[in-house]
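Note sheet for the following structure.
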Amino acid sequence: MKLFDSFGRHIYYLRISVTDRCNLRCIYCMPPEGVPWIPHDEILSYEEISTIVQLAAELGFTKIRLTGGEPLVRKDIVELVSMLWQTRGIEELSLTTNGTLLKEHAFELRKAGLKRVNISLDTLRTERYRYVTRLGSLQDVLDGIEAARSAGLSPRINTVVMRGINDDEVLDFARLTYQGWNVRFIELMPFTKVAEFVPAEGLRQQIESLGSLEPCSISDSGPAEYYRLSGARGTIGFITPVSKPVCSCCNRMRLTSDGQFRSCLLSDAGIDLKSAMRNNASPQEIKQLILEAVASKPEKHHLLEGVYPKRKMSQIGG
Ligand code: SAM
Ligand code: SF4
């Protein structure tokens, strides 16, 4: 079965936030004191998440990404990966993480069925990493990247570029692709006023000082455009939610850790699957709610008009 929204987009990708909690406080994502955590009993259990994934798979979802908050702070996350990987119809399972806890989990995650990880890393400088994340240690992430590579989790690095904070490191990140790193530069979305975003086009021009950037296609390219510096083993991607939104190709829905099924990262609209499940809705009724959420998916976001979600990224699942 293939699922389409009301604008004819094929919808098959579900991003699941497994927790709103995080061990870091990145300056563009959370305030220093954190945000009020969602109470434990409001968070979906692994059984509830697994049931939703099973029903979504029956409707045509084939691809799952786990995110958060920080997904690796949730207890027994490997168990969830294993449960989801055994779901009939799920063909791809990946995870987005800040990487700080990856060293201890990489091999067991791979064994449980995880295919790949995206690791967020905005700077290669120790002091700056501490400034950007407020709590983290750069070495932990570098160890996590190495562990992910050894475990066969094909790590891809996500770097949010902030003017005046880390935009002087773009070439350092780009050079790492000669060593096989895959790096994606993400435009900063303006939810907070920490810094200005840097348009991807400017980064592309800057990187071309190292050599020409050849466009390359990647299976599962998602919202990114990919290039390769000649002679580099790794790729460079650009994700442009601000300068060039790609809503017309969006294939995803989202499940928040407290069970809201959302159709867009940047919209507050959502359907409360948790309450439905806890009020004994039948599988058929849950599927109907999922279909309604898909049908309500907006054509595009309105970030540039200043329409932001009320929840933080860590609470929705970036
Ligand atoms: N904690 C995990 C991590 O950091 O990878 C997963 C959740 S985090 C909310 C997911 C992604 O959202 C990260 O790559 C982070 O850099 C990105 N993000 C958070 N706030 C953002 C913003 N204002 N603009 C662009 N990306 C943002
Ligand atoms: Fe935590 Fe990820 Fe947000 Fe950083 S971006 S505070 S690691 S959820």
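Based on DSSP H runs of at least 4 residues, each adding -39500 (n - 2.57), what is the mean residue ellipticity at 222 nm of the chain after dividing by all its residues, to the nearest 500 deg cm²/dmol?
On the way: 10 runs with 93 residues, N = 318.
Computed mean residue ellipticity for the chain: -8500 deg cm²/dmol.
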The chain: Cys lacking any partner C-beta under 4.7 angstrom: Cys22, Cys216, Cys247, Cys249, Cys250, Cys264
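When only the heavy atoms of the protein chains count and the probe is 1.4 Å, how do Phe7, Phe261 rank by accessible area, highest first?
Order by accessible area, largest first: Phe7, Phe261.
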Largest-first principal axis extents of the Cα set of the stretch 139-291 (Å): 58, 37, 31
Most to least accessible of His105, His40 (protein chains only, probe 1.4 Å): His40, His105
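Give, as a single signed number, the net charge of other residues whose beta carbon lies under 13 Å from the beta carbon of Lys274, with Lys and Arg counted +1 and Asp and Glu -1.
Within the 13 Å Cβ shell, the charges total -4.
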Estimated dipole of the chain in Debye, rounded to 20 [Cβ of Lys and Arg +1, of Asp and Glu -1, Cα centre]: 280 debye
Difference of contour (0.36 nm per residue) and Cα-Cα distance, Ser248 to Asp76: 58.3 nm
Rg/Rg_globular for the stretch 249-318, with Rg_globular taken as 2.2 N^0.38 Å and Rg from C-alpha atoms: 1.15
Radius 12 Å from Cβ of Cys22, net charge of other residues (Lys, Arg +1; Asp, Glu -1): +3
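Net charge around Pro39, counting only other residues with Cβ within less than 11 Å of its Cβ (Lys, Arg = +1; Asp, Glu = -1)?
Numbers: positive: none; negative: Asp20, Asp41, Glu42, Asp258.
Around Pro39, the surrounding residues sum to -4.
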Bins of 10 Å from zero: percent of alpha-carbon pairs in the stretch 90-181: 17, 48, 28, 7, 0
26 Å Cα-Cα reach of Lys63 towards lysines, excluding residues that sit fewer than 8 places from it in its own chain: Lys2, Lys75, Lys103, Lys111, Lys115, Lys244, Lys274, Lys287, Lys297, Lys300, Lys312
Label-to-label distance, nm, for residues given as Glu33 and Glu292 (7 Å Cα→Cβ offset): 3.7 nm
Proportion of all alpha-carbon pairs of the stretch 199-255 beyond 15 Å (%): 53 percent
For the stretch 30-106: accessible area per residue (Å², 1.4 Å): 41 Å²
Sorted largest first, extent of the chain alpha carbons per principal axis (Å): 58, 41, 37
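Once the piece of chain linking Lys193 and Asp172 is laid out straight, how much longer is it, given 0.36 nm per residue of separation minus the C-alpha distance between them?
That works out to 5.0 nm of additional length.
Please give me, ordered by residue number, the trypsin sites (Lys or Arg not before Pro) of the stretch 86-184 that lie in loop per DSSP and have at most 15 other Cβ atoms within 10 Å.
On the way: sites: Arg88, Lys103, Arg110, Lys111, Lys115, Arg116, Arg125, Arg128, Arg130, Arg134, Arg149, Arg156, Arg163, Arg175, Arg184; in loops: Arg88, Lys115, Arg125, Arg134, Arg163.
Qualifying residues, ordered by number: Arg88, Arg125, Arg134, Arg163.
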Evaluated at q = 0.15, 0.21, 0.23 Å⁻¹: base-10 log I(q)/I(0), Debye formula over Cα of the stretch 4-85: -0.65, -1.00, -1.10
Between helix 138-151 and the chain: long-axis angle, C-alpha atoms, 0 to 90°, nearest 10: 70 degrees
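Ratio to report: Rg/Rh of the stretch 89-137, with Cα atoms as the point set and Rh obtained by the Kirkwood method; give two decimals. Walk me through the numbers before you get to the answer.
Details: Rg = 13.4 Å, Rh = 12.3 Å.
Rg divided by Rh gives 1.09.
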Rounded to whole Å, sorted largest first: equivalent-ellipsoid semi-axes of the stretch 138-220, Cα gyration tensor: 22, 18, 13
Cleavage-rule hits (GluC sites (Glu not before Pro)) in the stretch 34-139: DSSP loop, at most 15 neighbouring Cβ within 10 angstrom: Glu91
Computed label-point distance, nm, for sites Ala269 and Lys111 using a 7 Å Cα→Cβ extension: 4.5 nm
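The values are calculated or read from the model by the stated rules, or taken from the named source; none is laboratory data. Note that this is a predicted model, so its numbers are computed, not measured. Positions of Cβ are generated from backbone atoms using ideal geometry, with glycine treated the same way; all protein chains shown enter the neighbour counts. Accessible surface is based on the protein model in full, side chains and every heavy atom, while ligands, DNA and RNA are left aside. Shrake-Rupley method; radii C 1.70, N 1.55, O 1.52, S 1.80 Å.
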